[in-house]
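Here's the structure, in structure tokens; my notes come after.
The values are calculated or read from the model by the stated rules, or taken from the named source; none is laboratory data. None of the values given here were measured: they were computed from a predicted structure. Backbone-built Cβ (ideal geometry, glycine too); neighbour counts: all protein chains shown.
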Amino acid sequence: MYQRTVLDNQLRVLTAAMPHSTSVSMTISVGAGSRYEPDALAGLSHFLEHLPFKGTESWPTARSVSEAIEGVGGVMNASTDREITVFWCKVARLHFRQAFAVLLDMLLNPLLDPEEMEKEREVIQEELRMTYDYPSHRVDLLIDELLWPEQAMGRDVGGTPDSVNRISVADVREYMERQYNPANTVIAVAGNVDHNEVVELIRQATEDWSPVPSLDWEPVADYYAEHNCAGPVARVEQKRSDQAHICLGLPGISLTDPDRYAFLALNGILGDGMSSRLFLNLREQQGLAYDVASSLNHFRDCGSLVVYCGVEPKKTRETVQAVVAELAGMRCPVPLPELNKAKEFAKGRLMLRMEDTRAVAAWLGAQELLLGRIATVEEIVQEIDRVTAADVTRVAERLIDPGQLRLAVVGPHRNEKTLQKLLAF
């Protein structure tokens, strides 16, 4: 259950009362991400996310910002993705007013000091370099580049070293004025709180904050169709490592696609959890990998299904063949016990997650910002229960297309063509 209020400046405030919780979590979700950026300023949203932590009008140093939350045992952080930037904190109920004050000051009154920005530029460059040192991170970026070439969806959210170097204080201020406005922001709070009290706190803090038109996000483009280059695609990035890191990806579906619940069940059968087909086959039966899993990503107008595993390099071919076989097998009728297990798995994980105030606040904020409505846990459970074996087969036939398969490998390999031949089924 939740309550929703829209303030006069179009800021949306949502609360979920969790009376037995001893914590309160607050998220500030902003419509800012890599899909709103030009290529030349890739990473701008992520760069901006870092800067409020460097100081605000009331907490003018990075130390004072962090101590205001950590000094009372709380935690805080932020994240940036393609479509949304989220600032969040979680504190004991006793300290929620102070936590709110800090987080709102970070949003409304960051100092954006040029000297501190230059220091943070170096920090972000280190963050980007770190990605190249971790093959498991690098392969995630490569599969996105293959799924969505030459567009914002396929770029690293953090940008590139060159684009980050180009970002100026003026760029940050202009972008923040456009995207960080109340009409493009949702504040969600979960815990032992009173809705009217929360709304009044936020109303007082944001009364001088005015809405402005936001930037548009970049729609996804079908690169392969536009360039008439259909068929599976493989890319290998050679790197000396003890493992080959492998991602197989397929285009998925959007946040609002009617088939998303059947796709969720399909993913549960395929590779979500230790009783999934991929885990039981590749790890338990064949001993090919320690870690193997599949995951779904949903965005406003697109999505993906990605399988990841790390294996001994000499087992790369065998592993790719095994994953492709499991993907092909999903197009066959699904046994009812296996479907029921996947559905119960999905429902159970959702309900367990909703015990945490932070998860509930994030749930409210993201749905309101991206969808404009909140689906309750009960609604989601009902939708999952409606999924039939025929639905899963239909969705598998729709989405598991060998011509759409993309393979990314980071490790001691060179030959892309040999691996690409393994993708046919």
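Look at region 363-417 and say how many of its residues are under 29 Å from Trp148 (Cα atoms), not aliphatic (A, V, I, L, M) and not in a helix (DSSP H, G or I).
Of the residues in that region, 9 qualify.
Can you find a residue in region 335-347 that is in contact with a helix residue (DSSP H, G or I) (Cβ under 7 Å, 6 or more places away or on another chain), of a type in the set (Lys, Arg) and modelled with pLDDT of 95 or more? Reasoning before the result, please.
Initially, region 335-347 is screened for residues in contact with a helix residue (DSSP H, G or I) (Cβ under 7 Å, 6 or more places away or on another chain), giving 336, 338-339, 342-343, 345-347.
Right, trim to of a type in the set (Lys, Arg) and you get 343, 347.
Now narrow it down to the ones that are modelled with pLDDT of 95 or more: 343, 347.
Yes, because at least one residue in region 335-347 is in contact with a helix residue (DSSP H, G or I) (Cβ under 7 Å, 6 or more places away or on another chain), of a type in the set (Lys, Arg) and modelled with pLDDT of 95 or more.
All but one of (1) free of Cβ contacts under 8 Å to residues at least 40 places away in the same chain; (2) buried (at least 20 other Cβ atoms within 10 Å of the Cβ); (3) within 30 Å of Ser21 (Cβ to Cβ) hold for Gln204; state the number of the condition that does not hold.
So Gln204 meets the others, but not (2).
For the structure I just gave you, tell me whether Ala40 is assigned to a strand (DSSP E or B), in contact with a helix residue (DSSP H, G or I) (Cβ under 9 Å, 6 or more places away or on another chain), assigned by TED's automatic domain parsing to the domain that holds Asn109 and surrounded by fewer than 24 Cβ atoms within 10 Å (Cβ to Cβ).
no
If a residue has to be buried (at least 17 other Cβ atoms within 10 Å of the Cβ), touching a residue at least 12 places away in the same chain (Cβ under 8 Å) and farther than 17 Å from Cys89 by Cα to count, how many in region 348-369 make the cut?
Of the residues in region 348-369, 2 are buried (at least 17 other Cβ atoms within 10 Å of the Cβ), touching a residue at least 12 places away in the same chain (Cβ under 8 Å) and farther than 17 Å from Cys89 by Cα.
Take the residues in region 226-279 that are assigned to a loop (DSSP other than H, G, I, E, B), polar (S, T, N, Q) and under 23 Å from Val139 (Cβ atoms); name whichever of them is farthest from the chain's Cα centre (by Cα). Quick ask: steps written out before the conclusion?
Within region 226-279, the subset assigned to a loop (DSSP other than H, G, I, E, B) is 227-232, 239-243, 252-259, 271-276.
Next cut, polar (S, T, N, Q) only: 228, 241, 243, 254, 256, 275-276.
Applying the additional criterion that residues be under 23 Å from Val139 (Cβ atoms) yields 241, 243, 276.
On the way: Ser241: 27, Gln243: 26, Ser276: 22 Å.
Applying the filter and picking the extreme gives Ser241.
Scan region 225-249 residue by residue and report those that are surrounded by fewer than 20 Cβ atoms within 10 Å (Cβ to Cβ), in contact (Cβ under 8 Å) with a residue 60 or more places away in the chain and of a type in the set (A, V, I, L, M, F, W, C).
The one that is surrounded by fewer than 20 Cβ atoms within 10 Å (Cβ to Cβ), in contact (Cβ under 8 Å) with a residue 60 or more places away in the chain and of a type in the set (A, V, I, L, M, F, W, C): Ala230.
Looking at (1) buried (at least 20 other Cβ atoms within 10 Å of the Cβ); (2) among the basic types (Lys, Arg); (3) not in a strand (DSSP E or B), can you tell me which one Arg97 breaks?
Result: Arg97 passes all but (1).
Counting residues that are touching a strand residue (DSSP E or B) at 6+ places or on another chain (Cβ under 9 Å) and touching a residue at least 12 places away in the same chain (Cβ under 8 Å), which helices (runs of 4 or more DSSP H) fully inside region 105-195 reach at least 3? If you could, list the steps in order and put the result at the bottom.
Values: elements: 114-133, 135-147, 161-166, 169-179.
In region 105-195, the matching helices (runs of 4 or more DSSP H) lie at 135-147.
Working carefully through the options Val91, Val102, find the one that is surrounded by 15 or more Cβ atoms within 10 Å (Cβ to Cβ), of a type outside the set (Asp, Glu) and in a helix (DSSP H, G or I).
Working: Val91 fails: in a helix (DSSP H, G or I).
It is Val102.
Using beta carbons and a limit of 7 Å, which pairs, at least six apart or on different chains, have the first residue in region 3-27 and of a type in the set (A, V, I, L, M) and the second one buried (at least 22 other Cβ atoms within 10 Å of the Cβ) and assigned to a loop (DSSP other than H, G, I, E, B)?
Ala17/Val193; Val24/Val193
Out of Ser304, Ser295, I need the residue that is assigned to a strand (DSSP E or B) and surrounded by 17 or more Cβ atoms within 10 Å (Cβ to Cβ). Which one? Outline the logic, then answer.
Values: Ser295 fails: surrounded by 17 or more Cβ atoms within 10 Å (Cβ to Cβ).
Checking each option against the conditions leaves just Ser304.
Looking for whichever is in contact with a helix residue (DSSP H, G or I) (Cβ under 9 Å, 6 or more places away or on another chain) and modelled with pLDDT of 95 or more here; the options are Ala183, Ala170, Ala152. Which one fits? Let's see the steps before the verdict.
Values: Ala183 fails: in contact with a helix residue (DSSP H, G or I) (Cβ under 9 Å, 6 or more places away or on another chain); Ala170 fails: in contact with a helix residue (DSSP H, G or I) (Cβ under 9 Å, 6 or more places away or on another chain).
So the residue among Ala183, Ala170, Ala152 that is in contact with a helix residue (DSSP H, G or I) (Cβ under 9 Å, 6 or more places away or on another chain) and modelled with pLDDT of 95 or more is Ala152.
What are the residues in region 170-187 that are more than 11 Å from Ala32 (Cα to Cα) and out of contact with any Gly (no Cβ under 8 Å at 6 or more places or on another chain), if any?
If we filter region 170-187 for residues that are more than 11 Å from Ala32 (Cα to Cα), which is where we start, we get 170-174, 177, 182-183, 186-187.
Across region 170-187, the qualifying residues are Ala170, Asp171, Val172, Arg173, Glu174, Glu177, Pro182, Ala183.
Pick out the one residue from Leu270, Leu280, Leu255 that is touching a residue at least 24 places away in the same chain (Cβ under 8 Å) and either surrounded by fewer than 23 Cβ atoms within 10 Å (Cβ to Cβ) or farther than 17 Å from Val306 by Cα (or both). Steps first, please.
On the way: Leu270 fails: either surrounded by fewer than 23 Cβ atoms within 10 Å (Cβ to Cβ) or farther than 17 Å from Val306 by Cα (or both); Leu280 fails: touching a residue at least 24 places away in the same chain (Cβ under 8 Å).
Exactly one residue qualifies, and that residue is Leu255.
Could we say that Ile124 is more than 17 Å from Ala32 (Cα to Cα), aliphatic (A, V, I, L, M) and in contact with a helix residue (DSSP H, G or I) (Cβ under 6 Å, 6 or more places away or on another chain) here? Outline the logic, then answer.
On the way: more than 17 Å from Ala32 (Cα to Cα): yes; aliphatic (A, V, I, L, M): yes; in contact with a helix residue (DSSP H, G or I) (Cβ under 6 Å, 6 or more places away or on another chain): yes.
Criteria met by Ile124.
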